[in-house]
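Peer 1: Pasting a structure below so you can have a look.
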Amino acid sequence: MKKEQLVKEAEKIRKQAYTPYSKFKVGAALLTKEGKLFTGCNIENAAYPVTCCAERVAIFKAISDGCYDFKEIAVVADTERPVPPCGSCRQVMSEFFDQDVEIHASNLKGELKTMTMQELLPFSFAASDLKEDS
Ligand SMILES: O=c1ccn([C@H]2C[C@H](O)[C@@H](CO)O2)c(=O)[nH]1
Ligand SMILES: [Zn+2]
């Protein structure tokens with residue numbers, strides 16, 4: 001799938017965003033290496049911090065379906081610049097994405113900024129940091 005097509009899928013799911021509080025709608029489309037597509041939108045809550053971002057919804061849908069092997073993700077919002085994923089989403093991405101997985105940040109003007117996981121969250125805290133000397 002071309003990255004522009006993945007952005008279109010993110011735009012489609014963005015319409016499902018549940019955002020009565022911020023009115024800020026985000027869509028994400030996640031593609032596995034075997035070509036499976038998982039989409040997500042942000043889902044807010046009256047208890048604001050309980051909100052889940054579009055990126056994490058897409059990732060958690062994939063993980064709950066047993067899919068772990070990711071190729072790329074597109075994220076879109078109505079922003080001036082291509083929408084940057086928040087810090088929490090970057091950390092969740094780094095848990096499941098190899099360093100070369102591509103993140104396509106986009107906006108409704110069709111601007112696209114592609115970066116790798118390594119570029120999006122360098123020096124990230126990882127499972128390997130939890131290992132203690134025995
Ligand atoms: O990359 C982002 C940035 C923000 N949001 C959501 C969280 C909240 O619902 C709203 C405003 O922060 O946008 C996302 O889904 N993804
Ligand atoms: Zn986020």
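The values are calculated or read from the model by the stated rules, or taken from the named source; none is laboratory data. The structure presented is a predicted model; accordingly, all values stated were derived computationally and were not measured. Methodologically, a virtual Cβ is constructed for each residue, glycine included, from the backbone with ideal geometry; neighbour enumeration extends over all protein chains shown.
Peer 1: Can you report the number of residues in region 64-94 which are free of Cβ contacts under 8 Å to residues at least 12 places away in the same chain and within 12 Å of ligand 1 (Cβ to nearest atom)?
Peer 2: Number satisfying all stated conditions: 1.
Peer 1: Can you tell me which residues in region 50-60 are closer than 19 Å to LYS23 by Cβ and within 12 Å of ligand 2 (Cβ to nearest atom)?
Peer 2: THR51, CYS52, CYS53, ALA54, GLU55, VAL57
Peer 1: Next question. Kindly establish whether ALA58 is closer than 13 Å to ILE13 by Cα, touching a Leu at 6+ places or on another chain (Cβ under 7 Å) and among the small types (Gly, Ala, Ser).
Peer 2: Yes: the conditions hold for ALA58.
Peer 1: Let me ask another. Looking at (1) in contact with a helix residue (DSSP H, G or I) (Cβ under 6 Å, 6 or more places away or on another chain); (2) within 16 Å of LEU6 (Cβ to Cβ); (3) of a type in the set (S, T, N, Q), can you tell me which one THR116 breaks?
Peer 2: (1)
Peer 1: Something else: Condition (residue is within 13 Å of ligand 2 (Cβ to nearest atom) and either modelled with pLDDT of 95 or more or out of contact with any strand residue (DSSP E or B) (no Cβ under 8 Å at 6 or more places or on another chain) (or both)) applied to region 2-17: is it met by at least one residue?
Peer 2: Scanning region 2-17 turns up at least one residue that is within 13 Å of ligand 2 (Cβ to nearest atom) and either modelled with pLDDT of 95 or more or out of contact with any strand residue (DSSP E or B) (no Cβ under 8 Å at 6 or more places or on another chain) (or both).
Peer 1: Would you point out which residue out of LYS61, LYS33, LYS12 is away from ligand 1 (no atom under 13 Å from the Cβ), within 12 Å of the chain's Cα centre (by Cα) and among the basic types (Lys, Arg)?
Peer 2: Every option except LYS61 fails the conditions.
Peer 1: If the requirement is being farther than 17 Å from PHE97 by Cβ and under 16 Å from the mean Cα position of the chain (by Cα), which of these qualifies: GLY27, GLY40?
Peer 2: The conditions single out GLY27.
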